[in-house]
Protein chains: 2
Amino acid sequence: MVWGGEKLASESRAKSPTIRDVAAVAGVSHQTVSRVINKSPNVKPALRAKVQAAIDQLGYVPNIAARRMGGNRSYLILAINDRARTLDNWGVGRGNDWVDQMLFGGMMECEKNGFRLIFDLVDTENPAAGKQLAGALSSLRPDGVILTPPHSENQDLADLLVANGTPFARIGSSNKKDGINILMDDMAAAQTATQCLLDLKHRKIAFISGSSDYLASTSRLEGYRNAMAKARAPIQSDWEQPGDFSFESGARAAETLFSSSDRPTAIIASNDEMAFAVLHQADKFGISVPDDLSVISFDDTPGVRFSVPPLTAIRQPIAAMARRAASELIDQKIDVNEGAEITLPFEFIIRRTTGPAPE
Amino acid sequence: MVWGGEKLASESRAKSPTIRDVAAVAGVSHQTVSRVINKSPNVKPALRAKVQAAIDQLGYVPNIAARRMGGNRSYLILAINDRARTLDNWGVGRGNDWVDQMLFGGMMECEKNGFRLIFDLVDTENPAAGKQLAGALSSLRPDGVILTPPHSENQDLADLLVANGTPFARIGSSNKKDGINILMDDMAAAQTATQCLLDLKHRKIAFISGSSDYLASTSRLEGYRNAMAKARAPIQSDWEQPGDFSFESGARAAETLFSSSDRPTAIIASNDEMAFAVLHQADKFGISVPDDLSVISFDDTPGVRFSVPPLTAIRQPIAAMARRAASELIDQKIDVNEGAEITLPFEFIIRRTTGPAPE
DNA sequence: AATGAAAATGTGACCGATCACAAATCACTG
DNA sequence: CAGTGATTTGTGATCGGTCACATTTTCATT
């Protein structure tokens with residue numbers, strides 16, 4: 001038998017059952033099936049059971065594209081992440097855990113509600129960021145958008161979303177005017193960190209801040225100042241070192257602090273990268289951690305576990321924030337045009353860079 | 001003026017232009033617009049330009065759901081990742097960089113072709129994994145599926161995909177019978193690592209292998225053996241230590257090796273986690289790295305940069321693999337029923353855990 | 001100039017859900 | 001037990017693309 005030398009066109013995909021298949025099996029109209037799927041209250045229990053049985057029997061799962069076409073929901077949540085933050089260039093990971101934690105938290109919540117989470121990597125610097133977002137909105141018509149740092153600080157994107165009428169959530173920032181703003185209590189976190197050091201009898205506590213374009217940076221600095229003031233600990237202006245979240249800025253700050261005549265016995269760094277730099281410089285200056293110097297960092301990215309010694313850190317609850325963001329966008333209980341703030345608890349993880357003040 | 005106490009129903013979403021809007025502006029039929037979008041060759045340049053102008057003017061982007069409905073493509077690629085690998089529980093990142101590297105590599109390729117990459121986190125252990133995949137197929141009807149470890153070793157999932165007629169790619173594994181199998185040349189990589197140590201005059205080189213359920217594990221072991229045999233280096237059976245990719249197994253293996261009467265001067269660990277364990281144990285045994293002991297690891301996950309000293313490692317080109325997987329699934333040039341293997345180059349990154357053999 | 005095939009363009013049906021609305025059923029009242 | 005309104009079920013249009021096919025235009029060839 002000859003079928004011809006031509007390769008067969010790829011055999012067609014297995015046909016999934018449609019809502020009408022289910023309707024036929026259950027002996028009801030397609031609309032009734034739709035009602036069961038969407039948990040409409042006005043279906044008699046007996047019928048509902050019969051429909052559900054047909055659904056289970058056929059392994060029916062509604063087609064998300066068709067749902068989008070017919071209705072006004074897409075069952076999609078779009079998460080905007082920063083491309084640069086994810087990887088600095090082809091395949092060289094920076095160990096950023098935003099993406100996987102977002103994925104985990106956001107997806108769990110989406111899955112529970114029949115939604116899907118879709119990521120879009122956008123360059124902050126790219127002036128076409130707005131166009132990229134507009135394209136994604138037009139193509140996907142997501143029911144909600146999650147902005148992560150640094151995009152959560154970009155009001156242009158927020159304005160675009162407001163104009164488009166797409167609900168959105170910011171993570172780690174807030175303009176108090178629109179969107180659902182999911183925050184960690186950075187001020188309280190910094191206060192906690194500072195208090196921890198004060199309790200260990202430290203008095204000379206320095207603080208390396210992050211880029212001032214981030215709300216979190218200023219909140220953290222404020223928390224540090226508050227705790228110091230409350231404890232009547234001496235505040236010296238050169239113990240407040242400016243940083244920009246980079247290793248280099250952390251190293252510079254540490255060098256300045258260590259070269260000072262009145263050297264601090266503890267340093268709080270506004271992120272892990274700068275804390276690593278502090279450890280690095282301490283080693284260079286022959287300063288032993290935590291005996292001569294205590295260090296606390298913010299963020300608690302995965303690499304932290306491998307620092308020597310492992311860093312005591314404030315952990316940002318990224319997964320929980322993403323989960324909450326997805327949850328609120330799906331529920332649609334919050335009027336996005338008014339701006340709501342939701343604060344989630346942070347975690348304080350004591351590892352091995354903190355100890356009692358020397359001497 | 002009173003608008004009533006009732007909150008306004010959320011104002012409707014901004015309407016995106018449709019293909020017919022573009023057609024009206026360009027003065028052509030909707031089908032011609034479709035042809036331009038899909039780069040059909042049979043459109044006269046003049047018309048094409050006119051249509052393109054209308055598209056640009058309106059900022060038209062085709063709706064992905066409608067494309068799926070009308071045609072037989074969905075413009076979606078589904079990536080299946082392991083849930084456990086991503087995070088071990090709520091919010092505690094393990095520093096796995098599969099997800100972000102996959103996202104980066106896969107998404108760049110998808111974006112270029114008007115596709116979207118969607119992730120699904122599936123529990124390997126969960127017996128409902130198949131059902132979850134079937135549901136995702138039915139709901140999304142992706143044009144292709146990418147399986148990452150450990151799912152790439154799961155033939156049940158592959159069988160399901162074959163039965164469903166959905167093209168798929170495996171990353172880091174191959175059964176040589178179906179799917180597009182994207183591999184790193186693990187054997188050559190292990191050979192390279194071993195050769196590097198041999199070139200440094202090491203002779204007593206130990207190898208800690210990974211779980212034998214992974215193809216990569218056996219390939220790596222084989223590469224080590226080949227290199228050793230070729231160099232006529234002595235092979236001692238207790239220098240081949242079994243591991244399972246966990247820190248604990250690495251620590252056990254290292255302890256055994258260090259306690260041996262004939263202690264090796266170099267160790268190759270099949271992944272970073274076990275290499276960390278080796279460094280940890282070396283410290284405990286008072287063995288200095290790289291002076292007394294050289295260590296090479298596989299994978300080069302982000303945390304590696306923070307080990308002390310930074311690990312010399314073989315890097316898995318995850319982003320490039322994901323990119324290639326997406327590219328092949330989009331192109332549909334490969335007959336998935338026959339099984340193709342694509343090997344991508346690895347990178348060997350020399351850091352500070354490798355040095356000349358002692359004495 | 002006539003012819004016919006190939007290239008370019010247009011027309012209307014269709015995918016699989018939801019929506020708006022119509023019809024049937026039910027429950028309660030007088 | 002008819003009459004009313006609320007609940008339950010059904011019908012057909014619709015979303016925005018692509019597909020199959022019909023039609024028109026182009027152009028080489030006779």
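Here are a few things to note about the model shown:
- A dipole drawn for the range B:186-316 from +1 and -1 charges on Cβ atoms has a positive end, and of B:Ala269, B:Asn226, B:Ala190 the residue lying farthest that way is B:Asn226.
- GNM flexibility winner over chain A from A:Gln316, A:Gln52, A:Gln281 (Cα, springs under 10 Å): A:Gln52
- Reachable lysines, given that their alpha-carbon falls under 21 Å from the alpha-carbon of A:Lys230 and they are not under 8 places away in the same chain: A:Lys201, A:Lys204
- GNM remark for chain A: springs join alpha carbons under 10 Å apart, and the peak mean-square fluctuation among A:Ser174, A:Ser246, A:Ser139 falls on A:Ser139.
- For the peptides A:100-110, A:332-342, B:216-226, A:26-36, the ranking by mean Cβ contacts within 10 Å, running from highest to lowest, is A:100-110, B:216-226, A:26-36, A:332-342.
- With both residues required to sit in the range A:210-359, DSSP beta bridges show an antiparallel share near 25%.
- Our compactness index for the protein assembly as shown, the C-alpha radius of gyration over the empirical 2.2 N^0.38 Å, is 1.06.
- Alpha carbon Rg of the range A:186-316, scaled by the compact-globule rule 2.2 N^0.38 Å: 0.92
- Cα gyration tensor shape for the range B:142-256, rounded if a/c is under 1.5, else prolate or oblate: prolate
- With the label put 7 angstrom out from Cα along the Cα-to-Cβ vector, B:Arg352 ends up 1.8 nm from the copy partners, going from closest to farthest.
- Exposure proxy ranking, count of Cβ atoms within 10 Å, fewest first, for B:Arg141, A:Arg323: B:Arg141, A:Arg323
- Peptide B:135-145 has a mean of 4 when you count, residue by residue, the C-beta atoms of other protein chains within 10 Å of its C-beta.
- Net charge over other residues, Cβ less than 11 angstrom from the Cβ of B:Thr32 (K, R count +1; D, E count -1): +4
- DSSP bridge orientation in the protein assembly as shown - percent antiparallel, rounded to nearest 5: 15 percent
- Across the identical copies, how the A:Ser261 labels are spaced - nm, sorted shortest first, 7 Å along Cα→Cβ: 6.5
- Value of [θ]222 nm, deg cm²/dmol, for chain A, DSSP H segments ≥ 4, -39500 (n - 2.57) each, nearest 500: -12500 deg cm²/dmol
- Cβ-based exposure ranking for B:Glu273, B:Glu125, in which fewest neighbours within 10 Å come first: B:Glu125, B:Glu273
- For the range A:122-184, the list of trypsin sites (Lys or Arg not before Pro) that fall in a loop by DSSP and count at most 14 other C-beta atoms within 10 angstrom reads A:Lys176, A:Lys177.
- Mean partner shielding of peptide A:120-131, defined as the number of other chain Cβ atoms within 10 Å of each residue Cβ, is 1.
- The Cα-based radius of gyration and maximum Cα-Cα distance (Dmax) for chain A are 26.2, 95 Å.
- Of the residues A:Val51, A:Val145, the one with the fewest other Cβ atoms within 10 Å heads the list, and the complete ranking is A:Val51, A:Val145.
- For chain A, modelled as a GNM whose springs connect Cα atoms under 10 angstrom apart, the maximal fluctuation among A:Phe285, A:Phe258, A:Phe245 occurs at A:Phe285.
- For B:Asp123, label point 7 Å along C-beta direction: distances to other copies, nm: 4.2
Since every read-out is calculated from the coordinates, none of them should be taken as a lab result. Keep in mind the model is a prediction, meaning the values are calculated, not measured. Methodologically, a virtual Cβ is constructed for each residue, glycine included, from the backbone with ideal geometry; neighbour enumeration extends over all protein chains shown.
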